1. Which pairs in the list K53/K169; K53/K187; K32/K169 are over 31 Å apart, alpha-carbon to alpha-carbon?
2. Measuring with a 1.4 Å probe in the full set of protein chains, what accessible area per residue, in whole Å², belongs to the chain?
3. Rounded to the nearest 0.05, what FRET efficiency do F197 and L147 have when you use their Cβ-Cβ distance and R0 = 25 Å?
4. If you roll a 1.4 angstrom probe over the protein chains with everything in place, what fraction of the accessible area of the chain belongs to carbon and sulfur, to the nearest %?
5. Quick one: Karplus J couplings for the stretch 37-48, per residue in order, coefficients 6.51, -1.76, 1.60, θ = phi - 60°, nearest Hz, x for Gly and Pro?
6. Over the stretch 47-158, what is the relative contact order in whole percent, taking alpha-carbon pairs under 8 Å and six or more residues apart?
7. With a point put 7 Å past each Cα toward its Cβ, work out how far D138 is from E123 in nm, to one decimal.
8. Please state, to two decimals, what the Cα-based radius of gyration of the stretch 1-138 comes to when divided by 2.2 N^0.38 Å (N = residues).
Amino acid sequence: MPLHTPPTLIDMVAALAEREHGVTVYDRRGRKKTTHSYREVHVRARAWGAWFKAQGVSPGEIVFLCLPTSHDLVEAFLGAVLLGALPCNLALPRAVGGLEVFKRRLQRLAEPFPGAHLVASEEVGMQTGRTFFVAPSDLDVDQQVELTPVDPGALAYVQLTSGSTTTPKAVSISHSNLAANVRAIMKAGGEDTQEAFVSWLPLYHDMG
């Protein structure tokens, strides 16, 4: 029986509350670090959405996420989407050739997105010379953003191209774009609900 793919990322997050298993993050040596059940991902994503709202982030605004591969990055990304903001994952400075290269890339991105918010560690954020938010170390999961339905054609997030041959370009991705890609992945994988999916790609990469 074909698996049903929710039409929007909002619906996907809502569905996580009823799913088994979860998401595991491994370190660079392939050692298991932590696992969050899908229920936890659901709750924490909604808490991140409430946190963004409390920081003054509004629907439609760009949120640059410069965080290491972690549950926080996954859940912050989803939380921004739940709020209606447009998250965009950025590579850490060490992944793009150092702080100066990172700052130049951030400056280029700031030109088309002048009101964008930045979420980063205090160490990275302080060196950018920009206003930024430090990711909370004690996320308040009692604060939950509402799951508001959106049109599948609405924008969900902004994805940067890899930048391997030129300056990274910002690409707008809609909920329906993402749903179509998920359906293609599921079809290629045989649509087996018991299969585990593993990815080594960085979450900021255009295929991550």
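1. K53/K187; K32/K169
2. Averaged over the residues of the chain, the accessible area is 58 Å².
3. 0.55
4. 53
5. Rounded to whole hertz, the list is 5, 4, 4, 5, 4, 4, 5, 6, 5, 5, 5, 4.
6. Computed value for the stretch 47-158: 35 percent relative contact order.
7. 2.3
8. On the way: Rg = 16.0 Å, N = 138, 2.2 N^0.38 = 14.3 Å.
Normalised by 2.2 N^0.38 Å, the Cα Rg of the stretch 1-138 equals 1.12.
The values are calculated or read from the model by the stated rules, or taken from the named source; none is laboratory data. None of the values given here were measured: they were computed from a predicted structure. Neighbour counts are summed over all protein chains in view; Cβ atoms, including those assigned to glycine, are modelled from backbone coordinates with ideal geometry. When the accessible area is computed, the model is the full protein with side chains, heavy atoms only, and any ligands, DNA or RNA have been set aside. Shrake-Rupley method; radii C 1.70, N 1.55, O 1.52, S 1.80 Å.
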